[in-house]
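Engineer: Take a look at this one; I'll ask things after.
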Amino acid sequence: MAWTAEDRNWMHRAIALAREGEATEGMNPIGCVIVRDGKIVGEGCNEVDLRHDATAHAEIVSMRRAGQALQCNELRDAVLYTTLQPCGMCTMASVWAKIGRIVYGAGREDVHEMYFEDRHLDTVDFIRDAFRDDLSLEGGLMAAECATLYVPPDADVSKMEQFNR
Ligand SMILES: [Zn+2]
């Protein structure tokens, strides 16, 4: 994948948001920015614990802010940058928001399986096959740096600590 300087710039911002999330009570180290016409229209990090809201993933938080800022539920021609491969919910929400392109950093193989809702099927593949063919999904931008935000694939995480149990 040939990433542009602009792609890297936005992923830097997403990583900075993830680090803020990591350092903030109730937030989690997943960062997202939504960019349209060279400007950030919405950004955020995972606020699930803070909001007591299972849907407050970084991507959804950012989409809500973008919708408010633009007073529009459709984010056509926007690019969503996120530090971790988006889950099925967020990918589907991107389809509904008509986001044109998703770029993520760390992918499933770069982090512990507990970050993903399904251990056997890659929801992103399912959505890519089943829905809009004009949504582009590209992974691996600054993946190594993004992966340092998360528990590594081979870590011994007790069942109690895993989010997807
Ligand atoms: Zn999600």
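Engineer: Order by neighbour count: LYS98, LYS159, fewest other Cβ atoms within 10 Å first, most last.
Structural biologist: LYS159, LYS98
Engineer: Still on this structure: Which one of GLY21, SER62, GLN85 is farthest out on the positive end of the charge dipole of the chain, using unit charges on Cβ (Lys, Arg +1; Asp, Glu -1) and the Cα centre as origin?
Structural biologist: Farthest towards the positive end: SER62.
Engineer: Below 8 Å between Cα atoms, with a sequence gap of 6+, how large is the relative contact order for the range 1-125 in percent?
Structural biologist: This gives 19 percent for the range 1-125.
Engineer: If R0 is 30 Å, what FRET efficiency do you get for ASP37 and ASP122 from their C-beta distance, rounded to 0.05?
Structural biologist: Computed FRET efficiency for ASP37 and ASP122 comes out at 0.45.
Engineer: May I pose another question? How would the range 19-68 be classified by its alpha-carbon gyration tensor: rounded, prolate or oblate, with rounded meaning a/c under 1.5 and the a/b versus b/c comparison settling the rest?
Structural biologist: Cα axes put the range 19-68 in the oblate bin.
Engineer: Here's another thing I want to ask about it. Which residue, chosen from HIS12, VAL95, THR148, occupies the Cα position most advanced towards the positive end of the dipole of the chain, where the dipole is computed from +1 (Lys, Arg) and -1 (Asp, Glu) charges on Cβ about the Cα centre?
Structural biologist: VAL95
Engineer: Rounded if a/c is under 1.5, else prolate if a/b is larger than b/c, else oblate: which is the chain, with a ≥ b ≥ c the root eigenvalues of its Cα gyration tensor?
Structural biologist: rounded
Engineer: Once R0 is set to 30 Å, what does the formula 1/(1 + (r/R0)^6) return for the Cβ-Cβ distance between MET92 and GLU113, expressed as a FRET efficiency to the nearest 0.05?
Structural biologist: 0.90
Engineer: Please find the FRET efficiency linking SER158 to HIS12, where r is the Cβ-Cβ separation and R0 is fixed at 25 Å, and quote it to the nearest 0.05.
Structural biologist: That pair, SER158 with HIS12, gives E of 0.15.
Engineer: Working from Cα positions, state the angle (0 to 90°, nearest 10) between the long axis of helix 5-22 and the longest principal axis of the chain.
Structural biologist: On a 0 to 90 degree scale, this one is about 50.
Engineer: Would you mind checking the range 21-38 for residues with the amide N under 13 Å from a putative spin-label position 7 Å along Cα→C-beta of ALA69?
Structural biologist: Correct set: 32-38.
Engineer: Taking amide H positions as placed 1.01 Å from N in the peptide plane, with prolines and chain starts having none, which residues 5 or more places from LEU137, or on another chain, fall under 5 Å of its amide H?
Structural biologist: ILE102
We did not get these values from a lab; they are worked out from the coordinates using the rules stated. Keep in mind that this is a model prediction, so the values were computed, not measured. A quick note on method: Cβ atoms are made from the backbone with ideal geometry, for glycine too, and the neighbour counts reach across all protein chains shown.
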